[in-house]
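Enquirer: Take a look at the following structure, please.
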Amino acid sequence: MPTSQTESRSAVFGRLVRGSAAVGVAVGARTVGALVLNKLLAVYGGPGGLTLLAHFQNLLALFTTLPNDGVHVGVVKYLAPLRAGSGRYRAWLGAAAVLNAAAVLLALGAVLLLPGPLLGVLGVGPGWALAFGAGLALLVGHALLIVVLLAAGRLWAYAALTVLLSLLGPLAVGGVLLGYHGTVAQALLAYLTAQGLTLLPAAVVALRAGLLPRLRGRLSRPALRGLGRFLLMALSVLLFSKAVDFALREVLIRQFGLAATDLWQAVVKLSDNYTMVFSALVGSVYYPRLAALSSHPHQQGRFVVLVLRVLAPGLAVGLGAIWLARNWLLPLLFEPRFAAAGFLLGPQLLADWLKFLTWTLFFLFTARAQVGRYVAVQAGSAGLFGLLLVLLLPRLGLLGAPLAQGLRYALLLSGGLWHFRRDLRPPGIRPELPDGRGG
């Protein structure tokens with residue numbers, strides 16, 4: 001039976017709120033865990049403790065981008081509409097496990113063959129590298145089970161496991177540094193191992209939910225090809241997003257120096273914090289539902305429109321509140337001198353508002369596995385951002401960075417709305433012909 005627009009919007013809003021409660025618990029736990037971890041390394045890690053932590057986390061991000069941003073995104077898309085235990089369900093799950101194993105083996109090969117560039121700053125040997133590979137395998141396995149739960153809509157199970165993950169890591173680091181009086185490298189390895197061991201409770205939860213059927217039969221080549229397309233998407237993120245952000249930081253340091261770049265970095269760090277919340281929400285509540293509607297493109301487009309109508313004003317209110325609190329928020333989160341970064345915050349918040357809406361819309365490419373278009377958008381976005389930086393940085397200084405970001409996403413959002421205009425149009429409405437007659 002058809003429902004009214006108001007009822008549909010209310011249903012969408014209710015789903016987001018219910019999902020946000022579970023996601024909020026998970027994000028809150030991750031935030032507290034990160035703060036405690038930073039404090040432990042800053043106080044007990046000695047000189048350079050925080051730098052070693054950042055290097056270690058960057059190393060983990062490097063090796064988990066392809067599984068997390070590639071394989072696992074595809075797993076959500078393909079498992080969400082399927083019944084657990086079906087032949088197709090087992091095929092997709094088996095292909096994901098094989099691709100993850102290949103990614104871990106590549107990572108282990110990299111740290112063993114290139115220990116200098118990757119591990120030199122940590123001062124560790126081959127034994128540590130092997131233990132790192134084992135911990136990485138456990139963590140990637142945990143992440144796969146988490147997305148299996150998300151595909152099935154088990155948000156509170158996801159939240160509980162994330163809380164456990166966030167507690168065990170800092171506890172392990174504290175135990176090594178305070179109880180065992182070990183080195184920072186040992187503490188970081190304990191951190192990875194403790195988080196990886198959450199694979200065991202995650203497996204128990206997934207098994208009890210009936211989401212881990214026995215994998216048997218031959219490996220599905222169509223499933224491998226299907227998930228391989230998502231790996232290409234993840235590779236484009238690695239090349240056209242993370243590499244571009246790294247290069248931008250290097251350019252700003254060279255042009256404006258460390259002290260001035262610190263102001264920009266503080267605003268970006270604040271942006272990273274609420275971006276983590278948004279990413280967790282859309283990744284665990286919005287995207288699985290969008291993927292489940294893949295066989296119904298009109299309903300899928302309708303769902304995107306309703307979510308955008310909820311998000312646009314909600315994000316504007318939240319980001320506006322951050323801007324109003326800028327004079328005390330920046331000194332509170334960082335140091336008093338960072339109050340001088342307030343002039344960068346307004347453009348950054350506007351850029352993030354546009355970015356979040358753009359991401360929400362462009363999830364259609366991911367849900368539909370439109371790899372070519374996704375990669376083209378990533379490459380075009382990176383090129384556009386680079387061009388805008390070249391034009392604005394010499395004229396506006398640091399202010400040019402968030403303004404370039406805002407213009408980038410304004411153009412991307414406009415282009416996305418035009419590209420998906422037929423999917424987003426309400427049913428029954430047809431375009432007008434030049435003489436005014438319906439199409």
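Enquirer: Can you sort 65, 366 by how many other beta carbons sit within 10 Å, fewest first?
Expert: On the way: 65 18, 366 21.
Starting with the residue having the fewest Cβ neighbours, the order is 65, 366.
Enquirer: Taking θ = phi - 60°, what integer Hz values does the Karplus form 6.51 cos²θ - 1.76 cosθ + 1.60 yield along region 305-315, in sequence order, with x for Gly and Pro?
Expert: Working through the residues one at a time gives 4, 5, 5, 4, 5, 7, 6, 4, x, x, 5 Hz.
Enquirer: In terms of the ratio Rg/(2.2 N^0.38 Å) built on C-alpha atoms, what value belongs to region 20-219?
Expert: Working: Rg = 17.6 Å, N = 200, 2.2 N^0.38 = 16.5 Å.
The reported ratio for this selection is 1.07.
Enquirer: Also, quick follow-up: Using just the Cα positions, wrap the chain in a convex hull and report its mean projected area in square nanometres, one decimal place. Write out the running numbers ahead of the final one.
Expert: On the way: hull surface 97.3 nm².
One quarter of the hull surface, i.e. the mean projection, equals 24.3 nm².
Enquirer: Starting from 0 in steps of 10 Å, tell me what percent of the Cα-Cα pairs of region 272-349 lands in each bin.
Expert: Result returned by the calculation: 16, 37, 24, 16, 7, 0.
Enquirer: So, in nm, how far is label residue 276 from label residue 390 when the simple model puts each one 7 Å beyond its Cα toward the Cβ?
Expert: That separation, rounded to one decimal, is 3.5 nm.
Enquirer: Report relative contact order for the chain in percent, whole number only (criteria: Cα-Cα under 8 Å, sequence separation at least 6).
Expert: Working: 479 pairs, mean separation 87.7, N = 439.
In percent, rounded to a whole number, it is 20.
Enquirer: Continuing with this model, one more query. So what J values fall out for region 203-208 if you push phi through Karplus, 6.51 cos²θ - 1.76 cosθ + 1.60 with θ = phi - 60°, rounded to Hz, Gly and Pro as x?
Expert: Per residue, the Karplus-derived 3J(HN,Hα) values read 5, 4, 4, 5, 5, 5 Hz.
Enquirer: With θ set to phi - 60° and the Karplus curve 6.51 cos²θ - 1.76 cosθ + 1.60, what are the ³J(HN,Hα) couplings of region 160-169 in order, to the nearest whole Hz, using x for Gly and Pro?
Expert: 5, 5, 5, 4, 4, 4, 6, 7, 5, x
Enquirer: For region 307-367 and region 109-165, write down the distance between their C-alpha centroids in whole Å.
Expert: 30 Å
Enquirer: Same structure, new question: Using alpha carbons only, how many angstrom separate the centre of region 384-411 from the centre of region 193-267?
Expert: 26 Å
Enquirer: Still on this structure, I have one more. What does the highest-first list of 68-80, 394-406, 268-280 look like by mean Cβ count within 10 Å? All intermediate terms of the calculation are to be shown ahead of the outcome.
Expert: Values: 68-80: 24.2, 394-406: 18.8, 268-280: 16.6.
Most protected by this proxy first, the peptides run 68-80, 394-406, 268-280.
Computed from the coordinates by the stated procedures, all read-outs in this text should not be read as laboratory data. Everything numeric here is computed off the predicted structure, so don't read it as measured data. Neighbour counts are summed over all protein chains in view; Cβ atoms, including those assigned to glycine, are modelled from backbone coordinates with ideal geometry.
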